[in-house]
Amino acid sequence: MIDLTGQQFGNYRLIRHLGSGGFASVYLGQHIRIDTQQAAIKVLHLTQVDTQKFQQEAKTSASLRHPHIVRLFDFDIQQGTPFLVMDYASHGSLHKRHSSGEQVPLTVVLQYVKQIADALQYAHDKHIIYRDIKPDNVLIGPHGELLLSDFGIAVISKTGRATLQPSYGTAGTPYYMAPEMFRAKLEKASDQYALGVMVYQWLSGTLPFTGDNVFQLGHQHIHEPAPPLRDNAPFISTAVEVVVMRAIAKQPPDRFPSVREFAQALEAASKKPPIGTTQLVYRGHNDAPGHTCAWSPTANAWLQAEAMAS
C-alpha cells in the first residue's frame, strides 16, 4: 500500500496516515490556506469509478446532518482516485476506549446505545442503512459525544472496482453482521442486530460468535444460538438479557420493530432489579399490598404474581 502522506487532495494536504481498512486509507489532512482547519481524508481503494454514481452516493451521505453522525462535507475524484473529506474526531473510537475482554457497566452502555440508536433511527427514517456498525466505526467527539463514522462508505465503495479486498471479502464485519447479510440481503433490522451484538460484547466482555473466517462466522450467525448473555454477565437482570437476545434474533421480524424501540426497551429493562433466576420475585415499593411481580421471558413482561406466603 502506497503512503500518500505529503500529497494534496482537493484543498487538503495529507500530513499523517491514520489507518487503513478494506475500503479506504484514512489521513489527517490540513487545509492548504487555513492552517487551523483539519479534516479526515478517506482515500478510497477504487479504480474505474462510475463518476455519476459516486457523486450521487456521496451527496446522499453528505446530506446527513445529525449530532451523532460524522459530517461529510466534501468529496471529489482526483486523477481517478475518489476521496471523501470528513470532520476529524481526534479522541479515537470505542474500540480503542474499551480493550478486548473488558466489561462495560450497563449505565455506560445505555448512554452509548441512546446516541447510536438515535443516529441510526435518523438514517433509517431517510431509508438509509448503515451496514457496518462496529466499535471501530463509533468515534468520540470533542465533548465526549459519540459519532458514527463511515456512513454510506460501503455503498460508495460499490461505485468502482476495489483495488483492495475488505476484511473477509464482504461489506460489513462478520463478527457483527446479521444472518441475512451473509445471504446478501439487507434490512434496517440488520443495523439493530449489529448494535445488539455490540451491547452483548460490552456487557459480557465477549462476542456471541467467534471464528477464524467468514464461513465459520456466517454459519454461527445463521444457525447457532448465541450463548445466554448472563452466562458471562450474571450481574444484569433477566429483563436486560431478554431485550439484548431479542435484538440479535436470527430472523429480522423477531427483532424490535425499530432500533429506537430497541434502545427504549433496553432502558426500561435496565430499571428492573437484577434477579438471580427467572423464577424469583420481588416486591416493589409501588406494588399493591400482598402482591409481587416476576419477570416472564416467554411473555417478555413483568407479570403480577400470587401473594407470597409470609
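The values are calculated or read from the model by the stated rules, or taken from the named source; none is laboratory data. All values derive from a computational prediction rather than experimental measurement. Here the Cβ is made from the backbone with ideal geometry for all residues, glycine too, and neighbour counts use every protein chain on show.
For segment 214-244, what are the residues that are assigned to a helix (DSSP H, G or I) and free of Cβ contacts under 8 Å to residues at least 40 places away in the same chain? Steps first, answer last, please.
So in segment 214-244, the residues assigned to a helix (DSSP H, G or I) come out as 214-223, 229-231, 238-244.
Matches in segment 214-244: Phe215, Gln216, His219, Gln220, His223, Leu229, Arg230, Asp231, Glu241, Val243.
Does Leu120 count as surrounded by 14 or more Cβ atoms within 10 Å (Cβ to Cβ), over 15 Å from the mean Cα position of the chain (by Cα), under 30 Å from Asn232 (Cβ atoms) and in the same structural domain as Val199 (by TED's automatic domain parsing)?
Criteria not met by Leu120.
Being under 21 Å from Gln37 (Cα atoms), small (Gly, Ala, Ser) and touching a residue at least 60 places away in the same chain (Cβ under 8 Å) is the filter here; which residues of segment 65-102 pass it?
The one that is under 21 Å from Gln37 (Cα atoms), small (Gly, Ala, Ser) and touching a residue at least 60 places away in the same chain (Cβ under 8 Å): Ala89.
Suppose we filter segment 80-94 for residues that are assigned to a loop (DSSP other than H, G, I, E, B) and under 15 Å from Tyr12 (Cβ atoms); how many remain?
Number of matching residues: 2.
Of all the residues that make up segment 125-153, how many are of a type in the set (Val, Ile, Thr) and more than 18 Å from Leu110 (Cβ to Cβ)?
Total satisfying the criteria: 3.
Would you please name the residue that is farthest from Pro234 (Cα to Cα), looking only at residues in segment 204-218 that are touching an Asp or Glu at 6+ places or on another chain (Cβ under 8 Å) and surrounded by 17 or more Cβ atoms within 10 Å (Cβ to Cβ)?
So, considering only residues that are touching an Asp or Glu at 6+ places or on another chain (Cβ under 8 Å) and surrounded by 17 or more Cβ atoms within 10 Å (Cβ to Cβ), the one farthest from Pro234 (Cα to Cα) is Phe209.
Inside segment 4-71, counting only strands (runs of 3 or more DSSP E) that do not spill past its ends, which hold 1 or more residues that are surrounded by fewer than 14 Cβ atoms within 10 Å (Cβ to Cβ)?
The qualifying strands (runs of 3 or more DSSP E) are 12-20.
Take Ile128 and decide whether it is touching a residue at least 60 places away in the same chain (Cβ under 8 Å), surrounded by fewer than 20 Cβ atoms within 10 Å (Cβ to Cβ) and not assigned by TED's automatic domain parsing to the domain that holds Arg13.
For Ile128, the condition - touching a residue at least 60 places away in the same chain (Cβ under 8 Å), surrounded by fewer than 20 Cβ atoms within 10 Å (Cβ to Cβ) and not assigned by TED's automatic domain parsing to the domain that holds Arg13 - is met.
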